Amino acid sequence: MSEIGKSDICTGRGAVLRGYPLKEGERRKLRDAFLKFEEVSGGGHTEATKELAEFHLHGIGCKMDLKKAK
């Protein structure tokens with residue numbers, strides 16, 4: 001998995017929320033971030049679980065899933 005920087009995630013997430021199209025590399029970074037949050041969240045990390053919910057809510061790095069966003 002590639003190295004993911006916090007600024008990369010914030011910038012990409014902000015672009016998605018504003019409706020801007022993402023380049024393939026940006027989408028891949030967000031997908032990598034989603035997978036990492038999913039992994040860490042499963043271990044009980046509260047902040048990762050909150051981030052994961054945001055990703056599900058807005059379909060960032062995954063398909064939008066309102067049930068999983070709760």
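The values are calculated or read from the model by the stated rules, or taken from the named source; none is laboratory data. These numbers were taken from a predicted model, which means no experiment stands behind them. Please note that ligands, DNA and RNA were not included when accessible areas were found on the heavy atoms of the full protein model with its side chains. Shrake-Rupley method; radii C 1.70, N 1.55, O 1.52, S 1.80 Å.
Restricting attention to segment 1-50, which residues are among the β-branched types (Val, Ile, Thr), at pLDDT 90 or above and open to solvent by less than 60 Å² (accessible area, probe 1.4 Å)?
Result: Val40, single match.
How many of the residues making up segment 58-70 are outside any loop (DSSP other than H, G, I, E, B) and open to solvent by less than 70 Å² (accessible area, probe 1.4 Å)?
2
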